[in-house]
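> After the structure tokens below, expect a handful of questions from me.
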Amino acid sequence: MNLNQLVRPNILRMVPYSSARSEFKGQADIFLDANENPFENGLNRYPDPLQKALKHRICEIKHLPADQVFLGNGSDEAIDLLVRIFCEPGQDHILTLPPTYGMYQVSADIAGVEVREIPLLPDFQPNVPAVLQAADIHSKLLFICSPNNPTGNDIRPEAIRRLAQHFPGIVVVDEAYIDFSDQPSATALLPEFPNLVVLQTFSKAWGMAGIRLGMAFATPAIIDLFNKVKAPYNINQLTQEKALDALRDTSAKDTMVQTILEERKQLIAALQPLPFVQHIFPSHANFLLVRVQDPHALYRFLVERGIIIRNRHNVLLCEGSVRITVGTPAENQALVQAMTDFSSAVSSLSV
């Protein structure tokens with residue numbers, strides 16, 4: 001793969017912004033180079049533009065070198081940068097596999113980049129021959145969400161491998177929910193496929209959606225492009241500190257994941273007997289896609305009880321379905337009780 005042939009020419013030519021903190025890399029006692037407020041309060045200085053301490057800890061956990069890690073303002077920043085780096089508006093396009101995460105489409109729409117959709121098969125797996133047949137020299141990005149949102153299933157490793165091997169552009173595997181899956185991360189494939197980018201996040205398993213921190217793993221050449229195009233200080237100091245605090249002891253995250261997995265199992269068992277529940281799709285994420293008799297009525301009923309789920313009826317291949325996030329034990333009990341009450345109400349109306 002010749003990476004330069006995939007990158008937009010203006011990105012190759014551009015000179016990135018050089019910040020004060022990136023120009024001086026040594027140690028000093030007095031900093032008068034960045035026009036900062038000199039009065040120390042813990043936040044008066046600009047943050048590390050490359051988040052070196054945070055990346056060092058992430059790399060210890062992920063077993064990857066630091067030059068293969070990019071940190072963004074949520075995974076959404078990495079998605080947006082990928083479109084801007086590789087896709088020439090009006091000329092190139094991205095491929096998505098609906099039903100899938102909606103930000104791939106939104107980022108492309110904002111950039112004026114065409115989106116070509118190759119729907120998943122009925123088992124929610126990629127139609128690999130159709131994807132490869134639709135691809136051409138202007139197919140710059142292919143987005144694969146695994147575990148997939150909103151369906152919850154893993155994408156089979158052999159499909160990811162085949163697409164990474166034969167797709168002519170960059171293959172992006174979005175692993176926002178990978179911590180809830182027993183499938184290995186696609187980061188294991190990075191040494192084999194220089195056109196692969198793997199996205200992960202602190203929003204789900206780590207319970208830190210509020211700090212907006214996403215990770216992208218790729219070859220050093222692609223990471224260099226991320227760093228070239230990103231805003232100079234895209235990860236603020238508070239986010240870096242909060243993430244480091246969480247990473248110092250991963251046992252809290254492991255406990256949350258284990259609890260969610262157990263609650264997911266119990267939630268499936270509690271929902272299956274309800275007569276209006278038609279099908280619960282297998283899930284490797286922290287949510288369930290559930291096909292029900294009347295998703296609109298169920299949604300309205302739960303809203304009245306103060307419980308909010310997602311109605312996915314209008315999403316391709318998800319007709320008649322709702323998406324339910326696995327909550328705390330108490331929240332799940334309240335949900336089951338409300339859905340049981342809904343079942344009784346529906347039964348009384350049909351008599």
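> If residue 236 satisfies all but one of (1) out of contact with any Pro (no Cβ under 7 Å at 6 or more places or on another chain); (2) assigned by TED's automatic domain parsing to the domain that holds residue 48, what's the number of the condition it fails?
(1)
> Further, regarding this structure: Among the residues of the range 65-99, count how many are under 22 Å from residue 22 (Cβ atoms) and assigned to a loop (DSSP other than H, G, I, E, B).
Qualifying residue count for the region: 2.
> Has the range 18-29 got at least one residue that is at pLDDT below 95, surrounded by 12 or more Cβ atoms within 10 Å (Cβ to Cβ), assigned to a loop (DSSP other than H, G, I, E, B) and not small (Gly, Ala, Ser)?
First pass over the range 18-29, keeping only residues at pLDDT below 95: 18-29.
Still in the list and also surrounded by 12 or more Cβ atoms within 10 Å (Cβ to Cβ): 19-22, 24.
In the following step, the residues that additionally are assigned to a loop (DSSP other than H, G, I, E, B) were identified as 19, 24.
With not small (Gly, Ala, Ser) added as a condition, the list becomes 24.
Yes, there is a match, as at least one residue in the range 18-29 is at pLDDT below 95, surrounded by 12 or more Cβ atoms within 10 Å (Cβ to Cβ), assigned to a loop (DSSP other than H, G, I, E, B) and not small (Gly, Ala, Ser).
> Only one of (1) touching a Ser or Thr at 6+ places or on another chain (Cβ under 9 Å); (2) exposed (fewer than 14 other Cβ atoms within 10 Å of the Cβ); (3) closer than 25 Å to residue 215 by Cα is not met by residue 15, so which one is it?
Among (1) touching a Ser or Thr at 6+ places or on another chain (Cβ under 9 Å); (2) exposed (fewer than 14 other Cβ atoms within 10 Å of the Cβ); (3) closer than 25 Å to residue 215 by Cα, the lone unmet condition for residue 15 is (1).
Rundown of residues vs (1) farther than 21 Å from residue 124 by Cα; (2) not acidic (Asp, Glu); (3) not assigned by TED's automatic domain parsing to the domain that holds residue 101, yes/no style:
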{"position": "242", "(1), (2), (3)": "yes, yes, no"}
{"position": "270", "(1), (2), (3)": "yes, yes, yes"}
{"position": "281", "(1), (2), (3)": "no, yes, yes"}
{"position": "292", "(1), (2), (3)": "no, yes, yes"}
{"position": "308", "(1), (2), (3)": "yes, yes, yes"}
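> Of everything in the range 106-134 that's surrounded by 17 or more Cβ atoms within 10 Å (Cβ to Cβ) and out of contact with any helix residue (DSSP H, G or I) (no Cβ under 8 Å at 6 or more places or on another chain), which residue is farthest from residue 168 (Cα to Cα)?
124
> Select from the range 184-197 the residues that are farther than 15 Å from residue 77 by Cβ, crowded, with 18+ Cβ neighbours inside 10 Å and hydrophobic (A, V, I, L, M, F, W, C) and list them in ascending order.
186, 189, 190, 193, 196, listed by residue number.
> Could I ask something else about it? One residue is enough: does the range 48-62 have a residue meeting the conditions out of contact with any Gly (no Cβ under 6 Å at 6 or more places or on another chain), surrounded by fewer than 11 Cβ atoms within 10 Å (Cβ to Cβ) and on the phi > 0 side of the Ramachandran plot?
No, the range 48-62 contains no residue that is out of contact with any Gly (no Cβ under 6 Å at 6 or more places or on another chain), surrounded by fewer than 11 Cβ atoms within 10 Å (Cβ to Cβ) and on the phi > 0 side of the Ramachandran plot.
> Let me ask another. Please give the number of the condition residue 318 fails out of (1) among the hydrophobic types (A, V, I, L, M, F, W, C); (2) in contact with a helix residue (DSSP H, G or I) (Cβ under 9 Å, 6 or more places away or on another chain); (3) buried (at least 18 other Cβ atoms within 10 Å of the Cβ).
(2)
> Of the residues 34, 66, 20, which is of a type in the set (A, V, I, L, M, F, W, C), free of Cβ contacts under 8 Å to residues at least 40 places away in the same chain and touching an Asp or Glu at 6+ places or on another chain (Cβ under 7 Å)? Give the steps one after another, and end with the answer.
Values: 34 fails: touching an Asp or Glu at 6+ places or on another chain (Cβ under 7 Å); 66 fails: touching an Asp or Glu at 6+ places or on another chain (Cβ under 7 Å).
Unique residue meeting the criteria: 20.
> Next up: Is it the case that the range 57-76 has a residue that's of a type in the set (Val, Ile, Thr), in contact with a helix residue (DSSP H, G or I) (Cβ under 6 Å, 6 or more places away or on another chain) and in the same structural domain as residue 148 (by TED's automatic domain parsing)?
yes
> Of everything in the range 278-306, what is farther than 17 Å from residue 152 by Cα and either of a type in the set (A, V, I, L, M, F, W, C) or part of a helix (DSSP H, G or I) (or both)? Give them in sequence order.
Selection gives 295, 296, 297, 298, 299, 300, 301, 302, 303, 304.
> Filter the range 312-332 for residues that are within 25 Å of residue 207 (Cβ to Cβ), without any contact (Cβ under 8 Å) to a residue 40 or more places away in the chain and not charged (D, E, K, R) and give the result.
Step one: list which residues in the range 312-332 are within 25 Å of residue 207 (Cβ to Cβ), which gives 312, 322-332.
Of the ones still in play, those that are also without any contact (Cβ under 8 Å) to a residue 40 or more places away in the chain are 322, 325, 330-331.
Hits for the range 312-332 are 322, 325, 330.
> Out of all the residues in the range 218-269, which are assigned to a helix (DSSP H, G or I), in contact with a strand residue (DSSP E or B) (Cβ under 8 Å, 6 or more places away or on another chain) and in contact (Cβ under 8 Å) with a residue 60 or more places away in the chain?
Pass one, the range 218-269, residues assigned to a helix (DSSP H, G or I): 220-229, 237-248, 251-269.
Subsequent filtering for residues that are in contact with a strand residue (DSSP E or B) (Cβ under 8 Å, 6 or more places away or on another chain) retains 222-223, 226-227, 264, 267-268.
222, 223, 226, 227, 264, 267 - these are the residues of the range 218-269 that are assigned to a helix (DSSP H, G or I), in contact with a strand residue (DSSP E or B) (Cβ under 8 Å, 6 or more places away or on another chain) and in contact (Cβ under 8 Å) with a residue 60 or more places away in the chain.
The values are calculated or read from the model by the stated rules, or taken from the named source; none is laboratory data. Nothing here was measured: the structure is a model prediction, and the numbers come from that model. Cβ: placed from backbone, ideal geometry, glycine included. Neighbour counts: every protein chain shown.
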